[in-house]
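The values are calculated or read from the model by the stated rules, or taken from the named source; none is laboratory data. Everything numeric here is computed off the predicted structure, so don't read it as measured data. Backbone-built Cβ (ideal geometry, glycine too); neighbour counts: all protein chains shown.
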Amino acid sequence: MNSLDPTAPSGHPGPDFSAFEMLGSAVLILDEDGLIRHANAPAEDLFEVSVRQLYAMPLCDFFRDGDELYKSFQEAISQRFADKRQMLTIDRIGREPVQVTATVVALQGHPWPVLVELREVEQQLKVDREERLLEQAQANRELLRNLAHEIKNPLGGLRGAAQLLEAELADASLTEYTQVIIQEADRLQTLVDRLLVPHRAPRIVSDVNIHEVCERVRSLVLAEYPRGLRIVRDYDTSVPEFRGDKSQLIQVVLNVVRNAAEALHERISEGDAEIILRTRVARQVILAKQRFKLALELHVVDNGPGIPSELQDRIFHPLVSGREGGSGLGLTLAQTFVQQHEGLLECDTRPGMTDFRMLLPLP
């Protein structure tokens, strides 16, 4: 719905630009002189200048290569194209310059003739990576669910046949072999049940305090590793409560922290292993192509050897484990539970440091 804009050209209704506030990219509307007539919140973050200060400023002045942008602006005014994309560099006082992808759009039938959309190159890469993670997780869930159902029925038949065979054996010493079949069938059944947990268990939603979750996990892991491991609290007490499944989130953090502790076995034996639980409030976060004003950012940081390079792109894949005897399901289930909360779990690793970051939208 449009409203009358006193700054719009005479006789023209001012468009309602509120939809731009939901975008993760910076959007600016320019008049025929190249002056900014509207800027959304991401533009304010990008330029580190308030919307009030941006108003009526020449957009090209913010760029190191402003002449290139002005040339595109003039072509848009002349309606030589519908839209044009180019790489530009923003100069910010006292900060490193930032490279952006600029899309210049010629508007028709609007009081202001040009729209410019800006995306940080690094941010675009991050969004692309998150989209790949979400698509990958969805494909993994479907694969695991179908695989689990396919295995479950014949597995039950196999176990039942072994029990019947055991009852018919005349030689009791042969039951050793049927017991192997039964025990291995039970082990596979347990694995299948774990694969199906995220699809079966009902979510119990309540108010969640993330620091209570962290404290529960901290006490559990320290009970398992009473010596040689330090778990440091670095909490932001301003993080508000949010709606979620507390037991699922405890499982998420527990899986990640236990993985970190297992990776630290050498440092634990040396007595200098450390895991940091860090909470922060992040602003203007994009999750699954949706913009959230506030998000919880929980980091689990360890000082271990880092994840091997050949596993880094596959750590959230099912049945992929970096340790002998691991099921490879802990991080897969953690990612599933986080995504059920509309969030994302990602990892940054290098020798001497691994950082798992969980992002969850906040009210």
The conditions are (1) modelled with pLDDT under 90; (2) buried (at least 22 other Cβ atoms within 10 Å of the Cβ); (3) more than 30 Å from residue 20 (Cβ to Cβ); (4) not small (Gly, Ala, Ser), and residue 323 fails exactly one of them. Which is it? (2)
Does residue 231 satisfy being at pLDDT 70 or above, farther than 28 Å from residue 348 by Cα and not small (Gly, Ala, Ser)? no
Take the conditions β-branched (Val, Ile, Thr), crowded, with 18+ Cβ neighbours inside 10 Å and in contact (Cβ under 8 Å) with a residue 24 or more places away in the chain and apply them to residue 237. Does it pass? no
Could you pull out every one of the helices (runs of 4 or more DSSP H) wholly within the stretch 209-298 that has 3 or more residues that are in contact with a strand residue (DSSP E or B) (Cβ under 7 Å, 6 or more places away or on another chain)? 210-224, 246-263
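For (1) of a type in the set (D, E, K, R); (2) touching a helix residue (DSSP H, G or I) at 6+ places or on another chain (Cβ under 9 Å); (3) at pLDDT 95 or above, each residue gets a yes or a no:
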position: 178; (1), (2), (3): no, yes, no
position: 194; (1), (2), (3): yes, yes, no
position: 210; (1), (2), (3): no, yes, yes
position: 222; (1), (2), (3): no, no, no
position: 227; (1), (2), (3): yes, yes, no
Residue check: is residue 107 crowded, with 19+ Cβ neighbours inside 10 Å, within 27 Å of residue 290 (Cα to Cα), of a type outside the set (Gly, Ala, Ser) and touching a strand residue (DSSP E or B) at 6+ places or on another chain (Cβ under 7 Å)? no
For residue 269, work out the one condition from (1) surrounded by fewer than 17 Cβ atoms within 10 Å (Cβ to Cβ); (2) at pLDDT 85 or above; (3) within 13 Å of the chain's Cα centre (by Cα) it doesn't fulfil. (3)
Of the residues that make up the stretch 61-82, is at least one at pLDDT 85 or above, under 27 Å from residue 290 (Cβ atoms) and touching a Ser or Thr at 6+ places or on another chain (Cβ under 9 Å)? no
Looking only at the stretch 273-298, which residues are under 16 Å from residue 346 (Cβ atoms) and of a type in the set (Asp, Glu)? 297
I'd like the full set of residues that are without any contact (Cβ under 8 Å) to a residue 60 or more places away in the chain and hydroxyl-bearing (Ser, Thr, Tyr), limited to the stretch 258-300. 269
Give the stretch 202-223 a look and list any residue that's without any contact (Cβ under 8 Å) to a residue 40 or more places away in the chain and surrounded by 12 or more Cβ atoms within 10 Å (Cβ to Cβ), or say none. 209, 212, 215, 216, 220, 222
Leading residue by the ranking (modelled with the lowest pLDDT) among those in the stretch 283-298 that are among the hydrophobic types (A, V, I, L, M, F, W, C) and surrounded by 15 or more Cβ atoms within 10 Å (Cβ to Cβ): 286
I want to confirm something. Restricting to the stretch 299-319 and keeping residues that are at pLDDT below 85 and either surrounded by 16 or more Cβ atoms within 10 Å (Cβ to Cβ) or assigned to a strand (DSSP E or B) (or both), which single residue is nearest to the chain's Cα centre (by Cα)? 316
